[in-house]
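A.B. asks: I'd like to ask you about the structure that follows.
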Amino acid sequence: MKPIYLDYNATTPVDPRVVETMLPFLTEHFGNPSCNHQYGSTAAKAVIKARRQVADLLGCSPDEIIFTSGGSESNNTAIKGIARAYRQKGNHIITSSVEHPAVLEVCRHLEGRGFRITRLAVDSTGLIMPADVERAITSQTILI
Ligand SMILES: Cc1ncc(COP(=O)(O)O)c(C=O)c1O
């Protein structure tokens, strides 16, 4: 009997529509979109289209969409980007004690560079109490 897979938090099967859409770019149109030969420009057009589709989905401008290689790079980019952009407004970040290391390690890195990090505890069901978040907010808080 096949075991039941319960680790969707880590990986999931890829949606068949995604496989179908991606397949030509894994086999035929595999060029580097940053290169201006024909293989690259085909890939670049697909990246531009994908960026527009994601922007439409989120209701933002395509130049606000940054594609990364995965979760850790995304967390690093977002947290360090906000920390840098809002440094003049404040130095306080609120997170939880149960975040993925890709979040907690960035926060630790920023702590060594003058930021103050509050790590909120969770209850026995893994939830954060909204009142704890409210209490933790200060005039220096730039990111929760
Ligand atoms: C919240 C979160 N951040 C980062 C990661 C790591 O992602 P990656 O392996 O794509 O860097 C994971 C992986 O499960 C995650 O759940």
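Bear in mind these aren't lab numbers, they're just calculated from the coordinates by the rules spelled out. Keep in mind the model is a prediction, meaning the values are calculated, not measured. When we count neighbours, we look across all protein chains shown, and the Cβ atoms used for this are built from the backbone with ideal geometry, even at glycine.
A.B. asks: Once the Cβ-Cβ distance between ARG108 and ARG17 is put in as r, and R0 is 30 Å, what FRET efficiency do you end up with, to the nearest 0.05?
C.D. replies: Between ARG108 and ARG17 the formula returns 0.20.
A.B. asks: Could you please report the charge total around VAL133, scoring K, R as +1 and D, E as -1 over all other residues with beta-carbon less than 15 angstrom from its beta-carbon?
C.D. replies: -2
A.B. asks: No solvent, one uniform scatterer per C-alpha: report log10 I(q)/I(0) for the chain via the Debye equation at q = 0.20 1/Å, two decimals.
C.D. replies: The Debye formula, applied to the Cα set alone, gives -1.22.
A.B. asks: Continuing with the same structure: May I ask for the net charge around ASP63, where only other residues with Cβ less than 11 Å from the Cβ of ASP63 are counted and Lys, Arg are +1 while Asp, Glu are -1?
C.D. replies: On the way: positive: ARG51, ARG52; negative: GLU64.
With Lys, Arg at +1 and Asp, Glu at -1, the neighbours total +1.
A.B. asks: How much length is gained if the chain between VAL47 and LYS89 is pulled fully straight, taking 0.36 nm per residue apart and subtracting their Cα-Cα distance, in nm to one decimal? Each step should come with its number before you reach the end.
C.D. replies: Details: separation 42, 0.36 × 42 = 15.12 nm, distance 3.45 nm.
My answer for the length gained is 11.7 nm.
A.B. asks: Shifting gears a bit: Assuming a ≥ b ≥ c are the square roots of the Cα gyration tensor eigenvalues, decide whether the range 71-143 counts as rounded (a/c under 1.5), prolate (otherwise, with a/b larger than b/c) or oblate.
C.D. replies: Oblate is the answer for the range 71-143, as a/c is 1.5 or above yet b/c matches or exceeds a/b.
A.B. asks: List the aspartates and glutamates whose Cα sits under 18 Å from the Cα of LYS89, skipping any in the same chain fewer than 8 residues away.
C.D. replies: Filter leaves GLU111.
A.B. asks: Once the Cβ-Cβ distance between ARG135 and ILE82 is put in as r, and R0 is 25 Å, what FRET efficiency do you end up with, to the nearest 0.05?
C.D. replies: Result of the calculation: an efficiency of 0.70.
A.B. asks: How would you rank TYR39, TYR8, going from fewest to most other Cβ atoms within 10 Å of each one's own Cβ?
C.D. replies: Ordered by Cβ neighbours within 10 Å, fewest first: TYR8, TYR39.
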